[in-house]
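Working notes, structure below.
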Amino acid sequence: MRWNYVLAVVCAAGMAAGAVPAPWTPVTAKDGIVSTWGRTFAFASNALPVRVTSAGRDLLAGPMRIVCADGKGEEIVWKKGGSWVQEATDEAVTVCAWQEADILTADVTARIEFDGMAKVSLALVPGPKGNRRDFSRAWLEIPLVPARATLFNYSPASWSKLENTGAVTGPLAWPFRCAVWLGDEDAGLCWFCESDAAFSPADPARTIEVLPGTDATVLRIRLAETAPALPSTWTFGLQATPVKPFPKRFNANHTVHAPQMGAGITIKRPEVWWTAQRAFPEGKIEETLDAVAKAGTKTVVFHEDWIPVQNNPAPRADFKAIVDACHARGMKVLVYQGYELSPLDPAWGDHHADWLAKDRNGKFVSYWFREPGQRDYRICYNNSSARLWLDRVKKAYDELGLDGVYLDGTIMPRACANERHGCGWRDDEGKLHVTYPFFAVRKMMRELYEFVEARGGRIDAHQSGYVCPATLAFAHSYWDGEQIAVGGNKKDIRKELNIDAFRAEFMGRNHGVPCEFLAYEKPGWCYDDALAITLLHDVMVRPCGFVAVPRLAALWKALDDFGAADAEWIPYWKNPVATSPASVKASVYRKGGESLIVVSNVSAEDAVTAEVTLPVGAGNATDALSGRELPLSGGKVRVDLPPFRYILLHVR
């Protein structure tokens, strides 16, 4: 291997200075190891990484491997290989690697960027004694340490049922998924891919498998099994998580989504549209802002009606006064941007055919009708629309003095088959298939992140069902849960949402980006239901509408009074205190000699008497929300909890 030699040559030519945005650090490469903030990829005499670490822990149980079979179905034995650094800057290191057998050669390039994302090109070509038809199977296998692969998440997710996230309790198999994450409560590894055009699995329903075992939990990607020919090439991404340091004081932001939203919420259609009418349906701006600021609101997110044309950040003049009024009360302002193009947008006429997303039937995707009268269509950012959108957002951001942007689905590389801008592909029968433009969205999001980060702002991504780090890395927070909230009143959310699913997708810590939870209140589901599970994971419910702020104000105050944002947080799976029965879980904020304990009954059906053994030396326990003192007996507290309810204990 020529690792140090090649790197030295590249370094001598000079690395780009100051090219890596905060909080990341420059990429380094030495002795076969490429290092980014908190993570490493190690290469040796293999085409793929032999070791991946995150937070100082090994994620792999062994080297990643390319498993191939010859024309007779017998496994091909790799005989030699190697790797070296081909290019290196502060932003990225590109590794070239290869493996050779008699009849087959695997050539790989991996560009590893500062946030730990590795863009990998894997090409299989004939070996020194091979020909175009000398192989019959190609799998990518990633063996993970079983204890590091207890949770899973994949995209795209169905909103009809929460099935894309949860615990790995046995073998799993799926059709092509554009992103798969396997990990635990602290870290994980994501594989993602824009297109399955080069895939040919024998059983498309088992294109991706998760195979738990004693020594390894294997993520298997069936690349080619039916009539493969050489050369064959696949491009995909690998990224270990968490992607960046987790911000300690995030929950002190006290964020409110200004418009009243959710199941059963109806706002009368106005005869004349006015700025932010869903936030201030009665037009009482000053009075409303006074009240929510007094209740503890620190951040306000204005939804789409801050502008007259969807996703075009050109507001009317009166919105600047609303921004200034929030700032005068010590509240930060984020504004909506999303995933649509409106027929009222001046760019529609010239560009809609090139910019809009198409489904697998070649049809434009219609979404939202809003005021003033317009039907919005889903846009794809794998084209010049990204440039126009970025320029517009930057202009509005500085002119209005904003503190951030709220992105509704923007970070998600949604399925698109618009061949006019390079998405989609057709099979041998001419059938149209979708692709997922990860790298185009990633490029756009990086530029926006650098702009907002330089101004001390916040990118808040609404991405329900999607946690792929390739684009999530360039957000400061995410708002997840709408896929659970929708579906009508017949959906029993308390039975569907479980703590395994929550740890995999909604917690944020194992991804490196903090999360807030979206809860639309409806019969059988309210903020208190949601808080029973979110608070166990140090995740807040974000109120929808200024009218909902009083529902969270007491909780905000209790957490602030204790200093929870600066306290040590110990989650329930580390058993900080003993609890019973089994449906009762407890997570603890610890500061000095005091504790703030979230005690929840996560049973969807059974009321229980929760028993909590308090920390040694505890002499007093109160309900932090009501101030009521609770009796102690033998160092324990007992409290009745209905299904999906919690109590916040302040223990001294």
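The values are calculated or read from the model by the stated rules, or taken from the named source; none is laboratory data. What you see is a predicted model, and the numbers here were worked out from it, not measured in a lab. Methodologically, a virtual Cβ is constructed for each residue, glycine included, from the backbone with ideal geometry; neighbour enumeration extends over all protein chains shown. Just the protein is used for accessible areas: all its heavy atoms, side chains included, with ligands, DNA and RNA removed. Shrake-Rupley method; radii C 1.70, N 1.55, O 1.52, S 1.80 Å.
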For Phe439, what accessible area in Å² do you get when you roll a 1.4 Å probe over the heavy atoms of the protein chains, rounding to the nearest 10? 40 Å²
Heavy atoms only, probe 1.4 Å: what % of the accessible area of the range 83-214 goes to carbon and sulfur, would you let me know? 50 percent
Report the relative contact order of the chain, percent, no decimals, based on alpha-carbon pairs under 8 angstrom and at least 6 residues apart. 10 percent
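When a/c is below 1.5 the answer is rounded, else prolate if a/b is larger than b/c, else oblate, so apply that to the range 435-552 with a ≥ b ≥ c taken from the square roots of the Cα gyration tensor eigenvalues.
prolate
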Find how much the distance from Lys72 to Ser384 grows on full extension, using 0.36 nm per residue of separation minus their present alpha carbon separation; answer in nm with one decimal. 107.5 nm
Accessible surface, the chain, averaged per residue in Å² (probe 1.4 Å): 39 Å²
Taking 0.36 nm per residue of sequence separation and subtracting the Cα-Cα distance, how much length would be gained by fully extending the chain between Ser121 and Lys268, in nm to one decimal? 47.6 nm
Carbon/sulfur fraction of accessible area - the range 249-323, other protein chains in place, 1.4 Å, %: 52 percent
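Suppose the chain between Ser366 and Leu344 were pulled fully straight at 0.36 nm per residue; how much longer would it get relative to their current alpha carbon spacing?
The Ser366-Leu344 span can extend by a further 6.5 nm.
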Label-point gap, in nm, between Asn620 and Leu632 - each point 7 angstrom along Cα→Cβ: 1.0 nm
Decide, for the range 277-394, between rounded, prolate and oblate: order the square roots of the alpha carbon gyration tensor eigenvalues as a ≥ b ≥ c, take rounded if a/c falls under 1.5, and otherwise choose prolate if a/b is larger than b/c, else oblate. prolate
May I have the count of lysine pairs in the range 514-652 with C-alpha atoms under 21 Å apart, counting pairs 8 or more residues apart or located on different chains? 6
Rounded to a whole number, what % of the accessible area of the range 438-532 do carbon and sulfur atoms account for, probe 1.4 Å? 48 percent
State the Cα centre-to-centre distance between the range 322-362 and the range 431-458 in whole Å. 15 Å
Measure nothing fancy, just the Cα-based angle from helix 438-454's long axis to the longest principal axis of the chain, in degrees from 0 to 90, nearest 10. 50 degrees
Normalised radius of gyration for the chain, please: alpha carbon Rg relative to 2.2 N^0.38 Å, two decimal places. 1.01
Would you mind counting up the charge near Trp573? Only other residues with Cβ under 13 Å from its Cβ, with Lys and Arg at +1 and Asp and Glu at -1. -1
By the Cα gyration tensor axes a ≥ b ≥ c (a/c under 1.5 gives rounded; else a/b larger than b/c gives prolate, otherwise oblate), the shape of the range 8-159 is oblate
What distance in nm separates the two pseudo spin-label positions at Asp203 and Ala604, each 7 Å out from Cα along the beta-carbon direction? 2.8 nm
Roughly what angle does helix 3-13 make with the longest principal axis of the chain, taking Cα atoms, 0 to 90 degrees, to the nearest 10? 70 degrees
